[in-house]
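Notes to accompany the following structure.
The values are calculated or read from the model by the stated rules, or taken from the named source; none is laboratory data. Please read these numbers as outputs of a predicted model, since none were measured by experiment. Cβ placement follows ideal geometry from the backbone for every residue including glycine, while neighbour counts extend to all protein chains displayed.
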Amino acid sequence: MTYAIDKSNEEWREQLAPDRYAVLREAATEAPFTGSLLHVDGEGVFTCGGCGQHLFTSAQKFDSGCGWPSFDACEPGTIIERSDNSLSRSRTEILCSKCGGHLGHVFNDGPTPSGLRYCVNSLAIDFDEKTSETPSA
């Protein structure tokens, strides 16, 4: 598959920290309850840690108790799904549609009306907090 951002493995290694490279480019998974974005509850957007594409909003985030940041929806057109049978069970892997970075998996066990739980590695995303600027007096 080709993506709008097409870099070699070496280019990705130069851009990303080793732990982030392992998640985004090699589909590694961070340990549960260790991610820096698990308890982020501010207002803003969650972006791909590889390319910066907006993937999720803070309004889509919820606490699933699973140990990774969870979202009940993604921004339209930002996620690609593909079958993942790597752990001897069938799951649905989620990738950034712009750079192909591995984000995590999506499950059909979410508590909101969407019924979805996008389970995402903190190392795969960044959080851009919405700030309000006060006009100068």
Return a yes/no flag: does the range 103-115 have any residue that is farther than 27 Å from Trp12 by Cα, modelled with pLDDT under 95, over 14 Å from the mean Cα position of the chain (by Cα) and surrounded by 16 or more Cβ atoms within 10 Å (Cβ to Cβ). yes
Cβ-Cβ below 7 Å, separation at least six or inter-chain, first residue in the range 55-84 and at positive phi, second small (Gly, Ala, Ser) and at pLDDT 95 or above: which pairs? Gly77/Ser97
Residues being under 12 Å from the mean Cα position of the chain (by Cα) and either in a strand (DSSP E or B) or farther than 18 Å from Gly67 by Cβ (or both): count how many of those fall in the range 118-131. 6
Could you list, ordered by first residue, the pairs with Cβ atoms under 8 Å in which the first is in the range 17-33 and farther than 24 Å from Asp63 by Cα and among the hydrophobic types (A, V, I, L, M, F, W, C) and the second is at pLDDT 95 or above and surrounded by fewer than 17 Cβ atoms within 10 Å (Cβ to Cβ), at least 6 apart or interchain? Ala22/Ala28
Out of curiosity, is Gly35 of a type in the set (Gly, Ala, Ser), touching a Cys at 6+ places or on another chain (Cβ under 6 Å), closer than 25 Å to Lys7 by Cβ and crowded, with 19+ Cβ neighbours inside 10 Å? no
Does the range 46-60 contain at least one residue that is surrounded by fewer than 17 Cβ atoms within 10 Å (Cβ to Cβ) and farther than 15 Å from Ile125 by Cα? yes
Among residues belonging to the range 94-112 that are in contact (Cβ under 8 Å) with a residue 40 or more places away in the chain and assigned to a loop (DSSP other than H, G, I, E, B), point out the one that is nearest to Ser36 (Cα to Cα). Gly101
So is Glu43 acidic (Asp, Glu) and without any contact (Cβ under 8 Å) to a residue 12 or more places away in the chain or not? no
Looking at Ala27, Ala22, can you tell me which residue is surrounded by 11 or more Cβ atoms within 10 Å (Cβ to Cβ), among the small types (Gly, Ala, Ser) and over 13 Å from the mean Cα position of the chain (by Cα)? Ala22
Considering only the range 68-90, state which residues are surrounded by 15 or more Cβ atoms within 10 Å (Cβ to Cβ) and either closer than 24 Å to Pro111 by Cβ or within 11 Å of the chain's Cα centre (by Cα) (or both). Trp68, Pro69, Ser70, Phe71, Asp72, Ala73, Cys74, Glu75, Thr78, Ile79, Asp84
Working only within the range 48-60, note down all residues that are in contact with a Phe, Trp or Tyr (Cβ under 8 Å, 6 or more places away or on another chain) and over 19 Å from Arg13 (Cα atoms). His54, Leu55, Phe56, Thr57, Ser58, Gln60
